[in-house]
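In what follows, a single structure is set out as structure tokens and then discussed.
The values are calculated or read from the model by the stated rules, or taken from the named source; none is laboratory data. Since this is a predicted model, take the numbers as computed values, not measurements. Don't worry about glycine lacking a Cβ; one is built from the backbone with ideal geometry, like all the others, and counts go over all protein chains shown.
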């Protein structure tokens with residue numbers, strides 16, 4: 001099976017280019033203030049060898065923009081813009097796919113809940129919360145959806161319902177995980193992934209924004225089912241109290257690890273927080 005190389009951290013590269021993302025909207029803030037910078041980052045990842053651009057819609061939600069004073073029409077325009085910017089970079093590169101990011105409810109909360117699954121909504125509430133952005137992203141016609149950093153079984157069930165109710169859409173689903181066997185709320189990843197096993201429009205299930213050391217175990221836990229997608233963070237840890245990253249993973253080492261994940265059975269591989277075009281270039285080099 002051909003391995004698809006995903007892109008790396010959008011926000012990380014935006015910050016390297018001078019963007020200040022200390023904001024509840026995170027990278028989605030630049031959809032409003034500096035969209036051209038987002039397009040440049042997508043282009044940089046394609047130039048580094050990525051096959052897929054993941055849009056800047058992870059933290060772009062109707063209620064999130066409403067908190068900033070935007071009305072529904074303005075928020076919808078920005079969410080659609082996230083897909084357009086990735087599409088422009090893809091067209092300039094002459095190849096590739098656009099994956100519209102469907103970030104978790106925890107990203108809107110902006111309190112770290114995407115790494116714990118500690119939510120104040122149940123499955124029905126999560127379904128209702130996701131639905132408006134989901135419909136906007138589907139209407140923007142990306143190549144597929146990237147349902148990512150999902151920390152809870154209830155949210156996975158809500159997304160499974162959305163996928164069942166949207167004929168024609170393709171998606172991957174990736175979880176934030178606490179170790180090599182469990183998603184962030186403690187549910188075994190095999191159990192969470194089983195929610196999507198009967199849907200032919202789900203192209204892969206896996207993990208993202210999780211430490212690289214857990215990837216091989218997670219791939220093993222998912223073996224025998226759908227194709228596996230993995231795009232871990234760089235291995236650094238976030239010091240929330242001091243708002244800084246600790247530790248470092250070298251891009252070459254990341255590329256070497258990607259080869260191991262490929263050999264273990266992953267077929268979509270990229271990077272998440274704190275990874276850069278250099279990390280993606282090394283993945284491409286090691287998988288070629």
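Tell me yes or no: at least one residue of the range 127-143 is modelled with pLDDT of 95 or more, more than 30 Å from residue 71 (Cβ to Cβ) and crowded, with 20+ Cβ neighbours inside 10 Å.
No: the range 127-143 contains no residue that is modelled with pLDDT of 95 or more, more than 30 Å from residue 71 (Cβ to Cβ) and crowded, with 20+ Cβ neighbours inside 10 Å.
Rundown of residues vs (1) in contact with a helix residue (DSSP H, G or I) (Cβ under 9 Å, 6 or more places away or on another chain); (2) surrounded by 23 or more Cβ atoms within 10 Å (Cβ to Cβ); (3) more than 20 Å from residue 138 (Cα to Cα); (4) in contact (Cβ under 8 Å) with a residue 60 or more places away in the chain, yes/no style:
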position: 30; (1), (2), (3), (4): yes, yes, yes, no
position: 35; (1), (2), (3), (4): yes, no, yes, no
position: 41; (1), (2), (3), (4): yes, yes, yes, no
position: 48; (1), (2), (3), (4): yes, no, yes, yes
position: 52; (1), (2), (3), (4): yes, yes, no, yes
position: 58; (1), (2), (3), (4): yes, yes, no, yes
position: 62; (1), (2), (3), (4): yes, no, no, yes
position: 69; (1), (2), (3), (4): no, no, yes, no
position: 73; (1), (2), (3), (4): no, no, no, no
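Failed condition for residue 11, given (1) within 15 Å of residue 82 (Cβ to Cβ); (2) in contact with a strand residue (DSSP E or B) (Cβ under 8 Å, 6 or more places away or on another chain), with all others met?
(2)
Quick check on my filter: what residues within the range 6-42 are within 18 Å of the chain's Cα centre (by Cα), outside any loop (DSSP other than H, G, I, E, B) and under 17 Å from residue 99 (Cα atoms)?
10, 11, 27, 28, 31, 38, 39, 41, 42
Hey, residue 191 hits all of (1) under 15 Å from residue 275 (Cα atoms); (2) assigned to a helix (DSSP H, G or I) but one; which does it fall short on?
(1)
All but one of (1) under 24 Å from residue 68 (Cα atoms); (2) touching a helix residue (DSSP H, G or I) at 6+ places or on another chain (Cβ under 8 Å) hold for residue 191; which doesn't?
(1)
Restricting to the range 146-200, name every residue that is at positive phi and either modelled with pLDDT of 95 or more or buried (at least 21 other Cβ atoms within 10 Å of the Cβ) (or both).
Residues satisfying the conditions are 149, 186.
With the condition kept exactly as written, say whether any residue in the range 220-231 is under 25 Å from residue 46 (Cβ atoms), touching a helix residue (DSSP H, G or I) at 6+ places or on another chain (Cβ under 7 Å), modelled with pLDDT of 95 or more and in a loop (DSSP other than H, G, I, E, B).
no
I'd like to verify a number: residues in the range 158-177 that are assigned to a loop (DSSP other than H, G, I, E, B) and in contact with a helix residue (DSSP H, G or I) (Cβ under 8 Å, 6 or more places away or on another chain), how many? Write out each step before concluding.
Taking the range 158-177 and keeping what is assigned to a loop (DSSP other than H, G, I, E, B), we get 165-170, 176.
Then keep just the ones that are in contact with a helix residue (DSSP H, G or I) (Cβ under 8 Å, 6 or more places away or on another chain); that gives 166, 169, 176.
Adding up the residues that qualify gives 3.
From the list 25, 14, 81, exactly one residue is buried (at least 17 other Cβ atoms within 10 Å of the Cβ), touching a helix residue (DSSP H, G or I) at 6+ places or on another chain (Cβ under 7 Å) and under 22 Å from residue 280 (Cβ atoms). Which is it?
Only one candidate passes the filter, namely 14.
When you go through 235, 255, 271 one by one, which is the residue that is at pLDDT 95 or above, assigned to a loop (DSSP other than H, G, I, E, B) and either surrounded by 24 or more Cβ atoms within 10 Å (Cβ to Cβ) or within 20 Å of the chain's Cα centre (by Cα) (or both)?
271
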